[in-house]
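**Q** Let me begin by handing over the structure; questions about it come next.
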Amino acid sequence: MGVFTSIDDPSSTGHEQVVFCQDTQTGLRAIIGIYSTALGPALGGTRFYPYASEEAALADVLDLSRGMAYKNALAGLDLGGGKAVIWGDPDQLKSEPLLRAYGRFVESLNGRYYTACDVGTYVADMDVIARETRYVTGRSVEHGGAGDSSVLTAWGVFQGMRAAAEHVWGAPTLNGRRVGVAGLGKVGKHLTRHLLDDHAEVVATDVDPRAREWVRANHPQVELVDDAAALVAADIDVYAPCALGGALDDDTVPALRAKVVAGAANNQLAHPGIEKLLADRGILYAPDYVVNAGGVIQVADEIEGFNFERAKLRATRIYDTTRQILRLADDEGVPPAVAADRLAERRMAEVGRLRTIHLR
Ligand SMILES: NC(=O)c1ccc[n+]([C@@H]2O[C@H](COP(=O)([O-])OP(=O)(O)OC[C@H]3O[C@@H](n4cnc5c(N)ncnc54)[C@H](O)[C@@H]3O)[C@@H](O)[C@H]2O)c1
């Protein structure tokens, strides 16, 4: 086991550190990307995925770790941004020794990086990794973990949506608005409940017949449409993408009738430039990484010893952050996605600078 290589100059990508980890016996090949520790230890999940090449794995970890720095900064956390990828098919490779070998690499960074779940890794895996390292969160309830993060993710999305509604219609409520929810999974279900409690009308869709059945059985007042395209074209005020990434592209944006987009899905903008297309059409886009931060707020809280009420309070502040971003966007004449990036960079620079005031 040993660190076998690292990219020549991580600072060329803006990263503080990129660590390549290999353990031949278990088949572990992992890359840990630390974009920034300006605000504290880097936090971000471990993605276990069969990348086509090492270059593809590296590109993903660089991109994802940078994204986590921005997300954690705007979530108000004292945590920087990092991410890790394990290169390989989890169905074939995942084993106790491999996860524990990975945990030892995480431990070797001495707390500069905290890991958690992502695509291909689950709370049970975090429990195994934790047998080798202290720097892991998102653990099972039996091990002091916080459990399902979709509860606070949905709560945070609802708060971001309230701020967007206030910006467009003058009041922080969805009362009387028609909201289209695309994806009735873990987050979409909780979000639907919050919207109905706030007296919104909900129109929804999901490809999974079980999710559609859940709506019919639990919330018969929700109108179901055939697919996401029908939802985009529907007479709705707010569009909430809660399924996969890339929901906003060159086809959906021109067809969209909603005035606000606020949803849980990661990477909603299919490519750079879509934020401008939305702004040009007068559609307010509440940046995904701002409004869906409830999940990371939850796993971050677990590092201190999980307290649901404290974490919920932090997720509630997504309302204030979204408001601030939307105002900044207006003041600076830029789309909200650009304003969000600026605010995150400002916090990393201003708070990060305080470390130059030495304590000893
Ligand atoms: N769970 C969290 O804490 C969390 C945190 C941050 C971001 N997110 C993001 O939010 C999104 C939803 O997360 P989740 O945990 O609810 O996932 P999930 O897998 O539980 O739910 C996704 C739902 O979307 C449906 N779906 C898939 N493709 C669809 C399509 N083309 N049209 C309509 N429905 C479709 C699925 O059938 C499923 O019911 C994901 O993009 C996830 O990355 C989740």
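**Q** Which of (1) buried (at least 24 other Cβ atoms within 10 Å of the Cβ); (2) among the aliphatic types (A, V, I, L, M); (3) farther than 10 Å from Ala182 by Cβ is the odd one out, the single condition Leu231 does not satisfy?
**A** (3)
**Q** List every residue pair whose Cβ atoms lie under 6 Å apart, where the two residues are 6 or more positions apart in sequence or sit on different chains, the first residue falls within segment 142-160 and is within 17 Å of Ala182 (Cα to Cα), and the second residue, located anywhere, is surrounded by fewer than 20 Cβ atoms within 10 Å (Cβ to Cβ).
**A** Short answer, once both residue conditions are applied: Ser150/Lys186; Phe158/His194.
**Q** Given Gly176, Gly188, Gly170, which one is open to solvent by less than 70 Å² (accessible area, probe 1.4 Å), at pLDDT 95 or above, within 11 Å of the ligand (Cβ to nearest atom) and among the small types (Gly, Ala, Ser)?
**A** Gly188
**Q** Hey, any hits in segment 91-107 for a residue that's open to solvent by less than 30 Å² (accessible area, probe 1.4 Å) and modelled with pLDDT under 95?
**A** no
**Q** Sort out which residues of segment 336-359 are farther than 21 Å from Asp78 by Cα and surrounded by fewer than 19 Cβ atoms within 10 Å (Cβ to Cβ), and write them in order of number.
**A** Passing the criteria: only Val338.
**Q** Same structure again: Can you find a residue in segment 195-208 that is within 14 Å of the ligand (Cβ to nearest atom), open to solvent by less than 10 Å² (accessible area, probe 1.4 Å) and assigned to a helix (DSSP H, G or I)?
**A** No, segment 195-208 contains no residue that is within 14 Å of the ligand (Cβ to nearest atom), open to solvent by less than 10 Å² (accessible area, probe 1.4 Å) and assigned to a helix (DSSP H, G or I).
**Q** May I pose another question? Under 6 Å by Cβ, and 6 or more places apart or on different chains, what pairs join a residue from segment 117-131 that is modelled with pLDDT of 95 or more with one that is open to solvent by less than 30 Å² (accessible area, probe 1.4 Å) and not in a loop (DSSP other than H, G, I, E, B)?
**A** So the pair list comes out as Asp125/Leu99; Met126/Val136; Val128/Leu99; Ile129/Leu99; Ile129/Gly103; Ile129/Val136; Ala130/Val136.
**Q** I need the full set of residues from segment 260-284 which are in a strand (DSSP E or B) and either β-branched (Val, Ile, Thr) or touching a Pro at 6+ places or on another chain (Cβ under 6 Å) (or both), in order please.
**A** Taking segment 260-284 as the starting set, the residues that turn out to be in a strand (DSSP E or B) are 260-261, 269, 284.
Within segment 260-284, Val260, Val261 meet the criteria.
**Q** Considering only residues that are open to solvent by 30 Å² or more (accessible area, probe 1.4 Å) and on the phi > 0 side of the Ramachandran plot, which ones fall in segment 113-146?
**A** Residue satisfying the conditions is Gly144 alone.
**Q** On to the next question. Which one is surrounded by the most Cβ atoms within 10 Å (Cβ to Cβ) among residues in segment 147-160 that are modelled with pLDDT under 95 and of a type in the set (Gly, Ala, Ser)?
**A** Ser149
**Q** Does Glu213 qualify as being assigned to a helix (DSSP H, G or I), open to solvent by 50 Å² or more (accessible area, probe 1.4 Å) and either within 14 Å of the ligand (Cβ to nearest atom) or not assigned by the TED database to the domain that holds Met126 (or both)?
**A** yes
**Q** Moving on. In this structure, does Thr153 turn out to be near the ligand (Cβ under 9 Å from one of its atoms), under 14 Å from Cys242 (Cα atoms) and either assigned to a strand (DSSP E or B) or hydroxyl-bearing (Ser, Thr, Tyr) (or both)?
**A** yes
**Q** Pick out the one residue from Gln324, Gln298 that is open to solvent by less than 20 Å² (accessible area, probe 1.4 Å) and not aliphatic (A, V, I, L, M).
**A** Every option except Gln298 fails the conditions.
**Q** Looking at Ala265, Ala240, Ala258, which is the one that is open to solvent by less than 30 Å² (accessible area, probe 1.4 Å), assigned by the TED database to the domain that holds Trp155 and away from the ligand (no atom under 15 Å from the Cβ)?
**A** None of the other options fit; the residue is Ala258.
**Q** Can you name the residue in segment 216-229 that is in a loop (DSSP other than H, G, I, E, B) and of a type in the set (A, V, I, L, M, F, W, C) and is also farthest from the ligand (Cβ to nearest atom) among such residues?
**A** Checked segment 216-229; the qualifying residue farthest from the ligand (Cβ to nearest atom) is Val222.
**Q** Phe306 is checked against (1) under 22 Å from Gly81 (Cα atoms); (2) outside any helix (DSSP H, G or I); (3) away from the ligand (no atom under 16 Å from the Cβ) and fails just one. What number does that condition carry?
**A** (3)
**Q** Ala101 - would you say it is aliphatic (A, V, I, L, M) and within 23 Å of the chain's Cα centre (by Cα)?
**A** no
**Q** Could you list, in sequence order, all residues of segment 156-193 that are part of a helix (DSSP H, G or I) and in contact with a Lys or Arg (Cβ under 6 Å, 6 or more places away or on another chain)? Steps first, please.
**A** Keep residues of segment 156-193 that are part of a helix (DSSP H, G or I), which gives 156-169, 186-193.
Ala163, Val168, listed by residue number.
The values are calculated or read from the model by the stated rules, or taken from the named source; none is laboratory data. Treat the numbers as computed from the prediction; the structure is a model and nothing was measured. Virtual Cβ from ideal backbone geometry, glycine too; neighbours counted across all protein chains shown. Each accessible area value is taken on the protein alone, full model and side chains, heavy atoms only, with ligands, DNA and RNA left out. Shrake-Rupley method; radii C 1.70, N 1.55, O 1.52, S 1.80 Å.
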